[in-house]
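The values are calculated or read from the model by the stated rules, or taken from the named source; none is laboratory data. None of the values given here were measured: they were computed from a predicted structure. Note that we place each Cβ from the backbone using ideal geometry, even for glycine, and neighbour counts take in every protein chain shown. Protein only, heavy atoms only, side chains kept; ligands, DNA and RNA dropped before computing areas. Shrake-Rupley method; radii C 1.70, N 1.55, O 1.52, S 1.80 Å.
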Amino acid sequence: VEVLCSVLSGSGFAAMNARGMAQHYVAAYSIEAFTDVEEFKTTMDRFLRTLKETPPAPGHERVLVPGQPEAEEEIERRAHGIPLHKEVIEWFNTICPEMSVPRLRTL
(Lines give C-alpha, C1' and ligand atoms only; values in the text may rest on other atoms or scores of the structure.)
Protein backbone atom coordinates (compact mmCIF):
# COMPACT_ATOMS: atom_id res chain seq x y z
CA VAL A 1 0.00 0.00 0.00
CA GLU A 2 2.86 2.38 0.81
CA VAL A 3 4.32 1.84 -2.66
CA LEU A 4 0.98 2.36 -4.38
CA CYS A 5 0.02 5.42 -2.30
CA SER A 6 3.33 7.16 -2.01
CA VAL A 7 6.20 5.96 -4.17
CA LEU A 8 4.10 5.37 -7.30
CA SER A 9 2.50 8.82 -6.99
CA GLY A 10 5.94 10.42 -6.85
CA SER A 11 5.51 11.81 -3.35
CA GLY A 12 8.24 9.75 -1.72
CA PHE A 13 7.27 7.59 1.22
CA ALA A 14 5.89 8.18 4.71
CA ALA A 15 9.20 8.24 6.57
CA MET A 16 10.53 11.04 4.34
CA ASN A 17 7.38 13.21 4.28
CA ALA A 18 6.25 15.83 6.77
CA ARG A 19 3.93 14.63 9.51
CA GLY A 20 0.30 14.80 8.43
CA MET A 21 1.10 14.68 4.72
CA ALA A 22 -1.00 11.90 3.27
CA GLN A 23 -1.26 10.32 -0.13
CA HIS A 24 -4.11 8.23 -1.46
CA TYR A 25 -4.56 5.32 -3.79
CA VAL A 26 -7.91 4.28 -5.18
CA ALA A 27 -8.44 1.20 -7.30
CA ALA A 28 -11.29 -0.80 -8.73
CA TYR A 29 -10.74 -4.38 -9.82
CA SER A 30 -12.80 -6.61 -12.06
CA ILE A 31 -12.84 -9.84 -10.07
CA GLU A 32 -13.92 -11.81 -13.11
CA ALA A 33 -10.67 -10.79 -14.82
CA PHE A 34 -8.84 -12.83 -12.18
CA THR A 35 -11.14 -15.65 -11.10
CA ASP A 36 -14.72 -16.89 -11.02
CA VAL A 37 -16.84 -14.39 -9.05
CA GLU A 38 -18.81 -16.98 -7.07
CA GLU A 39 -15.63 -18.85 -6.17
CA PHE A 40 -14.07 -15.56 -5.05
CA LYS A 41 -17.07 -14.78 -2.83
CA THR A 42 -17.02 -18.25 -1.28
CA THR A 43 -13.29 -18.08 -0.61
CA MET A 44 -13.58 -14.53 0.73
CA ASP A 45 -16.31 -15.63 3.15
CA ARG A 46 -14.07 -18.45 4.38
CA PHE A 47 -11.12 -16.06 4.68
CA LEU A 48 -13.09 -13.54 6.77
CA ARG A 49 -14.58 -16.29 8.93
CA THR A 50 -11.08 -17.67 9.56
CA LEU A 51 -9.79 -14.22 10.54
CA LYS A 52 -12.69 -13.63 12.92
CA GLU A 53 -12.21 -17.08 14.51
CA THR A 54 -8.49 -16.48 15.08
CA PRO A 55 -7.64 -16.14 18.77
CA PRO A 56 -6.93 -12.48 19.51
CA ALA A 57 -3.56 -11.20 20.66
CA PRO A 58 -3.13 -10.87 24.43
CA GLY A 59 -5.00 -7.84 25.73
CA HIS A 60 -7.47 -7.75 22.84
CA GLU A 61 -11.07 -8.97 22.80
CA ARG A 62 -11.26 -10.12 19.19
CA VAL A 63 -9.75 -9.99 15.73
CA LEU A 64 -11.21 -7.28 13.50
CA VAL A 65 -11.29 -7.12 9.71
CA PRO A 66 -10.99 -3.90 7.69
CA GLY A 67 -14.18 -1.88 7.80
CA GLN A 68 -15.68 -3.84 10.71
CA PRO A 69 -15.29 -1.13 13.40
CA GLU A 70 -16.82 1.45 11.08
CA ALA A 71 -19.74 -0.82 10.17
CA GLU A 72 -20.41 -1.57 13.84
CA GLU A 73 -20.23 2.14 14.73
CA GLU A 74 -22.72 2.97 11.97
CA ILE A 75 -25.18 0.43 13.39
CA GLU A 76 -24.71 1.89 16.89
CA ARG A 77 -25.20 5.48 15.72
CA ARG A 78 -28.25 4.67 13.62
CA ALA A 79 -29.80 3.03 16.67
CA HIS A 80 -28.75 5.55 19.32
CA GLY A 81 -27.78 8.75 17.51
CA ILE A 82 -24.47 10.50 16.99
CA PRO A 83 -22.74 11.67 20.15
CA LEU A 84 -21.93 15.38 20.15
CA HIS A 85 -19.69 17.36 22.48
CA LYS A 86 -21.69 19.63 24.81
CA GLU A 87 -20.14 22.75 23.25
CA VAL A 88 -21.37 21.62 19.81
CA ILE A 89 -24.88 21.16 21.19
CA GLU A 90 -24.71 24.61 22.82
CA TRP A 91 -23.61 26.16 19.51
CA PHE A 92 -26.45 24.44 17.63
CA ASN A 93 -28.96 25.61 20.22
CA THR A 94 -27.63 29.16 19.90
CA ILE A 95 -27.86 29.21 16.11
CA CYS A 96 -31.22 27.38 15.75
CA PRO A 97 -33.42 30.41 16.54
CA GLU A 98 -31.49 32.47 13.98
CA MET A 99 -32.14 29.81 11.37
CA SER A 100 -35.80 29.31 12.40
CA VAL A 101 -35.28 25.62 13.06
CA PRO A 102 -36.12 23.65 16.20
CA ARG A 103 -33.44 23.08 18.82
CA LEU A 104 -31.72 19.70 19.00
CA ARG A 105 -33.40 16.98 20.95
CA THR A 106 -31.00 15.62 23.56
CA LEU A 107 -31.18 12.72 25.92
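Meeting the requirement of 2 or more residues that are under 29 Å from Val3 (Cβ atoms), out of contact with any helix residue (DSSP H, G or I) (no Cβ under 8 Å at 6 or more places or on another chain) and open to solvent by less than 90 Å² (accessible area, probe 1.4 Å), the helices (runs of 4 or more DSSP H) wholly within the stretch 13-107 are 37-53, 68-80.
Sub-6 Å Cβ pairs linking a first residue in the stretch 42-55 that is more than 13 Å from Pro66 (Cα to Cα) to a second residue that is surrounded by 11 or more Cβ atoms within 10 Å (Cβ to Cβ), at least 6 apart or interchain, are Thr54/Val63, ordered by first then second residue.
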